[in-house]
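The values are calculated or read from the model by the stated rules, or taken from the named source; none is laboratory data. Nothing here was measured: the structure is a model prediction, and the numbers come from that model. Heads up, the Cβs are rebuilt from the backbone with ideal geometry, glycines too, and the neighbour counts pull from every protein chain shown.
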Amino acid sequence: MSSDQPSSAGPGPRWTGDGSLTPRVPAPEDHPASPAHRTLRDAAVPTKASGVRTLEVGGVPRVLAKPVRRFAAALIDFLIRYMLLLIVLGFAGTSPSTLSIEVLLPAQILARGWDLIFFTQGWTPGSRLLRMRIVRLDGTAPGLRWGIMRAAGAVLSETPLWLGHVWAFWDPKYQTWHDRIAGTVVVEVPREPRD
């Protein structure tokens, strides 16, 4: 990502490609009186069918990602992590067919490291593929502090037979336990209009 992305990307720092996060430079379309301002532009986009839950995140109404879609993203992430685990175990000379500490410990280290790295950024490979973002209620990415809280909460969500993840089906904001702990929601990323 670069700092010259459209304003629909939201507030906050942007990836500049040089390894640093720089503050977003205000663009003319950021001014509320501008015809290109996101509130006027997004108001012209037709809403989806009923049954879609929306939430105002950072002053912009966003469509919340449904739990089934989140599960599909989690499955993609699991498959990627499993392939990485097989590579690590192959180098260690350990067979993944035996359930032992030599398998469980690297699996947990990989899973927690994965959560920590990606939750702080506000996306995982699976959620990015399915066009979803993890955001705080003010519209920003979780960052290090809340990414750590969300990763720790993920352990709590997974421990009692994934009950914390199933909770999203009944929650009005589709929040899992770790979303509630970190004050985050998962929203759909709208498709960029093709010119």
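Can you name every residue in the range 153-171 that is among the charged types (D, E, K, R) and part of a helix (DSSP H, G or I)?
If the condition is that a residue be among the charged types (D, E, K, R) and part of a helix (DSSP H, G or I), then Glu158 is the only one that fits.
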Original post:
Within the range 150-182, which residues are among the hydrophobic types (A, V, I, L, M, F, W, C), buried (at least 18 other Cβ atoms within 10 Å of the Cβ) and closer than 15 Å to Ala73 by Cβ?
Top reply: Ala154, Ala168
**OP:** Return the total of residues in the range 139-148 being at pLDDT 95 or above and either farther than 12 Å from Thr120 by Cβ or over 14 Å from the mean Cα position of the chain (by Cα) (or both).
**Re:** 1
Original post:
Would the range 49-56 turn up any residue that is within 20 Å of Arg136 (Cβ to Cβ), out of contact with any Lys or Arg (no Cβ under 6 Å at 6 or more places or on another chain), acidic (Asp, Glu) and at pLDDT 90 or above?
Top reply: yes
**OP:** Please work out which one of (1) part of a helix (DSSP H, G or I); (2) farther than 26 Å from Val88 by Cβ is the condition Tyr174 fails and give its number.
**Re:** (1)
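Condition first: part of a loop (DSSP other than H, G, I, E, B) and small (Gly, Ala, Ser). Now tell me which residues in the range 137-152 satisfy that.
The answer is Gly139, Ala141.
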**OP:** Scan (1) without any contact (Cβ under 8 Å) to a residue 24 or more places away in the chain; (2) polar (S, T, N, Q); (3) under 21 Å from Glu158 (Cα atoms); (4) surrounded by 14 or more Cβ atoms within 10 Å (Cβ to Cβ) for the single condition Ser100 breaks and write down its number.
**Re:** (4)
**OP:** Would you please name the residue that is nearest to Gly51 (Cα to Cα), looking only at residues in the range 155-195 that are small (Gly, Ala, Ser) and free of Cβ contacts under 8 Å to residues at least 40 places away in the same chain?
**Re:** Gly164
Original post:
If you take the residues of the range 119-136 that are assigned to a helix (DSSP H, G or I) and touching a residue at least 12 places away in the same chain (Cβ under 8 Å), which of them is surrounded by the most Cβ atoms within 10 Å (Cβ to Cβ)?
Top reply: Phe119
